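Every read-out reported here was derived from the displayed coordinates using simple, explicitly stated rules and does not represent laboratory data. Because the structure is predicted, anything quoted here is derived from the model rather than measured. Using ideal geometry, Cβ is built from the backbone for each residue, glycine included, and neighbour counts are taken over all protein chains shown.
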Amino acid sequence: MKRICVYCGSRSGKRPEYTQAAHLLANELILRGIGLVYGGAHVGIMGQLADAVLAKNGEVIGVIPEDLVTKEVAHYGLTELKIVGSMHERKSLMADLADGFIALPGGLGTLEELFEILTWAQLGLHRKPCGLLNIDGYYDGLVAFLDHAVDEQFVKPVDRSMLLIEQQPQRLLNIFANYQAPSVEQWIGIDAT
Ligand code: AMP
C-alpha cells in the first residue's frame, strides 16, 4: 500500500484519546512507509494527524475545495496541497490517490465521506479496504445501528463485512495488508442476500 486516505474530524472532540489515536495512526503509517491523503485542513484531528506524519518526514497530500481554504484553514506545510473546485472533486481525487480508507472519530463530514466510499465498494466501483477506528467506543452506536440494518435486511451481510472495524491502528493496518474484497454482485438485486 502506497497511500491511505483518512477521514476525521475538523474538530478535536471532547477526549484526548481521539487525538492520541491520530498520533498512533500516524506512527503506524510511518513505520509501514505509507503516505497520508486527507482533507487538507490544519484544524482538529485532521491537523493533528497531518502534523504527526509530517513530524516524522512522512508524505502528506491534502485535498481541499477552494471555498474551504479559508473556512477550514488550509494546511500550507504539507508535502502537497491540492486545491479543487468542489466537494465532489475532493472526494473523488482523495479516492483515486489512496489504496485504502480509514475513518477516525469525526462529525457529519467524516460520516458522509466514510459512507460514500463504502457505498462505492458496495457497488463494486473499487475494491480497496475501508476501515473504522472505533476509538474509546466513539462509534459503538453506529456499529450497533449497522448490525440492526443487517438484521432488518436493508444491508447485506457481505456489504456490512466490507467495513473493517478495529480499535487499534496497528491491527487495522495488518488487516488492510491482507485484504481481499468480496466478490460483488454486479446486479444490484432487490432480494440479493
Ligand atoms: P467533520 O467530520 O464534520 O468535522 O468534517 C470532516 C471533514 O469533512 C472536513 O474536511 C469537512 O470539510 C468535510 N465535510 C463536511 N461536510 C461534508 C460533506 N457533506 N461531504 C464531504 N465532506 C464533508
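State to the nearest 20 debye the size of the charge dipole of segment 3-177 about its Cα centre, where the only charges are +1 on K and R beta carbons and -1 on D and E beta carbons.
Numbers: 15 positive and 21 negative charges, 63 e Å.
Dipole about the Cα centre, nearest 20: 300 debye.
How large is log10 of I(q)/I(0) for the chain at q = 0.08, 0.12, 0.16, 0.19 Å⁻¹ when the intensity is taken from the Debye formula with one equal scatterer per alpha-carbon?
Results for the chain at q = 0.08, 0.12, 0.16, 0.19 Å⁻¹ read -0.24, -0.55, -0.98, -1.35.
Just the projected area, averaged over all directions, of the convex hull on the alpha carbon atoms of segment 57-127: how many nm²? Kindly include the intermediate steps, with their values, before the conclusion.
Numbers: hull surface 21.2 nm².
Over all viewing directions, segment 57-127 projects a mean Cα-hull area of 5.3 nm².
Could you give the spread of the C-alpha atoms of segment 116-157 along their three principal axes, from largest to smallest, in whole angstroms?
Largest first, segment 116-157 extends 31, 25, 14 Å along its Cα principal axes.
Tell me the angle of helix 140-151 to the major Cα principal axis of the chain, expressed in degrees between 0 and 90 and rounded to the nearest ten.
Relative to the chain, helix 140-151 is tipped by roughly 30 degrees.
List the extent of the Cα atoms of segment 1-65 along each of their three principal axes, largest first, rounded to whole Å.
31, 28, 18
Roughly how many nanometres apart are two label points built 7 Å out from the Cα toward the Cβ at Arg11 and Ser92?
Those two pseudo-labels are separated by 3.1 nm.
Divide by every residue of the chain the summed helix terms, -39500 (n - 2.57) for each DSSP H run of at least 4, and state the resulting mean residue ellipticity at 222 nm, rounded to the nearest 500 deg cm²/dmol.
Computed mean residue ellipticity for the chain: -12500 deg cm²/dmol.
Counting DSSP beta bridges with both partners in segment 3-177, what percentage is antiparallel, nearest 5?
Details: 1 of 22 bridges.
In segment 3-177, DSSP labels about 5 percent of beta bridges as antiparallel.
Projecting each Cα onto the charge dipole of segment 28-119 (Lys/Arg +1, Asp/Glu -1 at the beta carbon, about the Cα centre), which of Thr119, Gly39, Ala95 comes out farthest on the positive side?
It is Gly39, whose Cα lies furthest towards the positive end.
Counting other Cβ atoms within 10 Å of each Cβ, which chymotrypsin sites (Phe, Trp or Tyr not before Pro) in segment 148-185 have at most 11 and sit in a DSSP loop?
When the chymotrypsin sites (Phe, Trp or Tyr not before Pro) of segment 148-185 are filtered for loop state and at most 11 Cβ neighbours within 10 Å, Phe154 remain.
Taking a 29 Å limit on the Cα-Cα distance, which of the listed pairs Lys71/Lys128; Lys14/Lys71; Lys14/Lys128; Lys128/Lys156 fall beyond it? Intermediate results must be reported in sequence, preceding the final value.
Details: Lys71/Lys128 31 Å; Lys14/Lys71 22 Å; Lys14/Lys128 31 Å; Lys128/Lys156 18 Å.
Beyond 29 Å between Cα atoms: Lys71/Lys128; Lys14/Lys128.
What is segment 35-177's relative contact order, in percent, from Cα pairs under 8 angstrom and six or more apart in sequence?
Details: 192 pairs, mean separation 24.6, N = 143.
The normalised contact order for segment 35-177 reaches 17 percent.
Compute the acute angle (0 to 90°) between the alpha-carbon long axis of helix 44-55 and the principal axis of greatest extent of the alpha-carbon atoms of the chain; round to the nearest 10°.
So the helix axis and the longest Cα principal axis differ by about 60 degrees.
Could you give the angle, 0 to 90 degrees to the nearest 10, between helix 108-122's Cα long axis and the longest principal axis of the Cα atoms of the chain?
Tilt relative to the chain: about 50 degrees.
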